[in-house]
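S.K.: First the structure, which I've put down as structure tokens, then a few questions once you've had a look.
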Amino acid sequence: METRQRLPAAERRESILAAASVVFGDRGYAGATTDQIATAAGISQAYVVRTFGSKETLFVEVARRAVGRIETAFRSAISADDDRTVVQRLGQAYLDLIADRGILLSLLHIFSLGNDPAIGPVGREGFLTIYRLIRDEAGLPPEEASRFLAEGMLINTVLALQLHDSDDPDALELVTQACGGDLGRFRALAAG
């Protein structure tokens, strides 16, 4: 008889958040259930509820995790010492995050719930956290920081609409422009 080793609580919590990120990303807040998240994480639905209390609390934690992952990637890009500009490094860091499809799609769902009294403030604060980071720590002037965020939202939208899988030449042109000209790499990253 094989005995399974119990994961530490922090690792179990992270596995739930990772699964929730994918499920929320694919189905949105309204369409996702804690049962689907539990199945994706390979645990019981009761454990998900016991750990987070509610789907809303879990969604908020997914938002915080996503912003934290972006902050970490951007800070690493800012501190990198290579021949690229900081904007190029930040852009590459953002594109690299596409491999974790749940992060960017979950953020898109979070931003769409800006009027929700519990989720909206978390989404707004997360977005402003990223703006402040690229403006203050990366040193981008406000207009360049705004443009960078706009391009990131375009990438999120292209990914959410699955335009990268389209045969429409206009869609492919848009995706190619959004991802800096490397459609093949973007498709590979989006495929996970």
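The values are calculated or read from the model by the stated rules, or taken from the named source; none is laboratory data. Because the structure is a prediction, the values reported are computed rather than measured. Backbone-built Cβ (ideal geometry, glycine too); neighbour counts: all protein chains shown. Note: accessible area is taken over every heavy atom of the protein model, side chains too, but ligands, DNA and RNA are not part of it. Shrake-Rupley method; radii C 1.70, N 1.55, O 1.52, S 1.80 Å.
S.K.: Only one residue in Glu144, Glu137, Glu151 is in contact with a Gly (Cβ under 8 Å, 6 or more places away or on another chain) and either closer than 25 Å to Leu183 by Cβ or in contact (Cβ under 8 Å) with a residue 24 or more places away in the chain (or both). Which one?
M.R.: After applying the criteria, what remains is Glu151.
S.K.: Could you check region 28-60 and list, in sequence order, the residues that are assigned to a helix (DSSP H, G or I) and open to solvent by less than 40 Å² (accessible area, probe 1.4 Å)?
M.R.: Answer for region 28-60, where residues must be assigned to a helix (DSSP H, G or I) and open to solvent by less than 40 Å² (accessible area, probe 1.4 Å): Gly28, Gly31, Thr34, Ile37, Ala38, Ala41, Val48, Phe52, Leu58, Phe59, Val60.
S.K.: Restricting to region 122-144, give me the number of residues that are open to solvent by less than 50 Å² (accessible area, probe 1.4 Å) and under 21 Å from the mean Cα position of the chain (by Cα).
M.R.: 9
S.K.: Here is a further query. So which of Ala30, Ala20 ends up being closer than 17 Å to Leu108 by Cα, in contact with a helix residue (DSSP H, G or I) (Cβ under 7 Å, 6 or more places away or on another chain) and either modelled with pLDDT under 95 or of a type in the set (A, V, I, L, M) (or both)?
M.R.: Result of the check over Ala30, Ala20: Ala20.
S.K.: Only one of Ile98, Ile155, Ile119 is open to solvent by less than 60 Å² (accessible area, probe 1.4 Å), at pLDDT 90 or above and not hydroxyl-bearing (Ser, Thr, Tyr); which?
M.R.: Ile119
S.K.: Residue under question is Ser21, and the condition is that it be over 22 Å from Ala191 (Cβ atoms) and either out of contact with any His (no Cβ under 6 Å at 6 or more places or on another chain) or open to solvent by 40 Å² or more (accessible area, probe 1.4 Å) (or both); does it hold?
M.R.: The answer is no for Ser21.
S.K.: Test Arg147 against the stated conditions and say whether it is within 21 Å of Ala77 (Cβ to Cβ) and open to solvent by 70 Å² or more (accessible area, probe 1.4 Å).
M.R.: The answer is yes for Arg147.
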